[in-house]
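Beneath this line is the structure, given in structure tokens, with notes to follow.
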Amino acid sequence: MSVRFYLLAIESSCDETSAAVLLNDKVLSNIIATQTIHEKYGGVVPELASRAHQKNIVPVVQQALAEALIDASDLHAIAYTQGPGLMGALLVGTSFAKSMALALNVPLLPVHHMRAHIMAHFIRTESEQHIPEFPFLCLTVSGGHTQLVLVRSATDMMVVGETIDDAAGEALDKAAKVLGLPYPGGPHIDRIAKHGDALKFSFTTPKTDGFNFSFSGLKTNLLYFLKEKNTQDPEFIGREMEHICASYQHVVTDYLMTNFEAAALHYGVSQLAIAGGVSANSVLRKKMQNLCERRGWDAFIPPFEYCTDNAAMIGICGYYQWKEGRVGKWSDVPKPSWSLHDF
Ligand code: KG4
Ligand code: ZN
């Protein structure tokens, strides 16, 4: 008979305070409190994020336990995001996790946020289980990271390409900002682009070595394009918004998929996964499916709820670490700049 392992997971690396309860690899609850306070500043304000985490953490954990129909005393371990992320935000989750683990006398499982995005593919769902086989290649695209990761096991991951400047999510969020859209802009671009012509305007696809990415030039390209058009016609952005969003998103997603395909061919993998907030993008999901159908590869696309930041992914990552006996120490501290290279 398999062990029944109840785990509480905490995510507080950026602007979502989240808690989840897992029974082995199954999610019993996944509560996310999104901090809307940052919207009016057009980006995450670290100080405000820490305060909001401090306010939300206890109610979010209580709700996660209640929804999972368990008591804190049933827990066998606490997983939490140790990094990367904002120092003040990570401190809230780390201190809370330590205190609770100490009080319950259960082990701590410190989790790397970007590994957790990848491990979200291993959450057991009600439908037929469809999980990647090792080794697989994962394109992890979020607001702070863009990486191509060769996943050899649950705890053995190698970065084979990454952005040398902005992340893909950042490229979308910054574009949205200059277009006057709310923060975070990625989902707004996705929504507005649905009615636009992706080939109406052309932006320059960045060029990078190996399987690396660069998005800062593309963002500048858009900025100059808009400035020029706006000088000629102040109504331009408003009138062409749908086409601008569609064309810009088209270049970003094509660029991601071109590198992804080249890396998959280079490493000889036929199992491809996407992860992170930008993997919620409808065009990226479609292009991923098309690529894998064309090549006869297997595509792993996470359910929407596990794309953007959530504690369930921290829980599944912690669960796999626990199975390998990788538990944390009481002296562990947050790692705001923790690289996937140093795991
Ligand atoms: O993984 P995530 O929730 O947080 C980080 O770890 O950064 O990713 C957030 C990013 C933001 O840049 C947001 O604009 C983007 O994911 N995002 C999207 C979509 N949903 C979220 N980008 C494009 N299309 C979407 N549907
Ligand atoms: Zn994330």
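By how many degrees, between 0 and 90 and to the nearest 10, does the Cα long axis of helix 87-104 differ from the longest principal axis of the chain?
Once rounded, the angle reads 20 degrees.
So if each residue of separation counts as 0.36 nm, and I subtract the Cα-Cα distance between Gln63 and Leu223, what length gain in nm does that give? If you can, show how the numbers build up before the last one.
Working: separation 160, 0.36 × 160 = 57.60 nm, distance 4.35 nm.
Length gained between Gln63 and Leu223: 53.2 nm.
Could you give the size of the charge dipole of the range 136-302 about its Cα centre, using +1 on the Cβ of each K and R and -1 on the Cβ of each D and E, expressed in debye and rounded to the nearest 20?
On the way: 16 positive and 18 negative charges, 47 e Å.
With only Lys, Arg, Asp and Glu charged at Cβ, the dipole is about 220 debye.
By how many nm would the segment from Thr155 to Asn105 lengthen if fully extended, with 0.36 nm per residue of separation less the alpha-carbon distance?
Details: separation 50, 0.36 × 50 = 18.00 nm, distance 2.52 nm.
Roughly 15.5 nm would be gained on extension.
Which shape class, rounded, prolate or oblate, goes with the range 237-319 when its Cα gyration tensor gives a ≥ b ≥ c as root eigenvalues, a/c under 1.5 marks rounded, and past that a/b bigger than b/c marks prolate?
Values: a/c = 2.56, a/b = 1.22, b/c = 2.09.
Cα axes put the range 237-319 in the oblate bin.
For the cross-link pairs Lys200/Lys229; Lys40/Lys174; Lys174/Lys286; Lys177/Lys200; Lys177/Lys219, which exceed 18 Å when the distance is taken from alpha carbon to alpha carbon? Could the numbers behind the result be given before it?
On the way: Lys200/Lys229 14 Å; Lys40/Lys174 15 Å; Lys174/Lys286 23 Å; Lys177/Lys200 21 Å; Lys177/Lys219 11 Å.
Pairs exceeding the cut-off: Lys174/Lys286; Lys177/Lys200.
Report relative contact order for the range 136-302 in percent, whole number only (criteria: Cα-Cα under 8 Å, sequence separation at least 6).
Details: 305 pairs, mean separation 45.0, N = 167.
The value is 27 percent.
In whole angstrom, note down how far apart the Cα centers of the range 70-85 and the range 147-202 are.
30
If you wrap a convex hull around the C-alpha atoms of the range 136-302 and split its volume per residue, what is the figure in Å³? Let's see the in-between values first.
Details: hull volume 17.2 nm³, N = 167.
Taking the convex hull of the Cα positions in the range 136-302, it is 103 Å³ per residue.
Hey, rough spin-label estimate for Phe304 and Lys194, points 7 angstrom out along Cα→Cβ, what's it come to in nanometres?
Placing both labels 7 Å along Cα→Cβ, they lie 0.9 nm apart.
Starting from the 7 Å offset along Cα-to-Cβ, what nm value, one decimal, do you get for the label separation of Glu126 and Ser202?
Result: 4.8 nm between the two label points.
Please tell me the relative contact order of the chain in percent, rounded to the nearest whole number, where contacts are Cα pairs under 8 Å and at least six residues apart.
Numbers: 727 pairs, mean separation 81.8, N = 343.
Relative contact order for the chain comes out at 24 percent.
How large is Rg over Rh for the chain, taking Rg from the Cα atoms and Rh as the Kirkwood inverse mean of 1/r across Cα pairs?
0.98
What lysines could a cross-link reach from Lys26, if we take a straight Cα to Cα line under 25 Å and drop same-chain neighbours fewer than 8 places away?
The reachable lysines, counting only those whose Cα sits under 25 Å from Lys26, are Lys98, Lys323.
Every number here is computed from the coordinates shown, using simple stated rules; none is lab data. This is a predicted model, so every value here is computed, not measured. Positions of Cβ are generated from backbone atoms using ideal geometry, with glycine treated the same way; all protein chains shown enter the neighbour counts.
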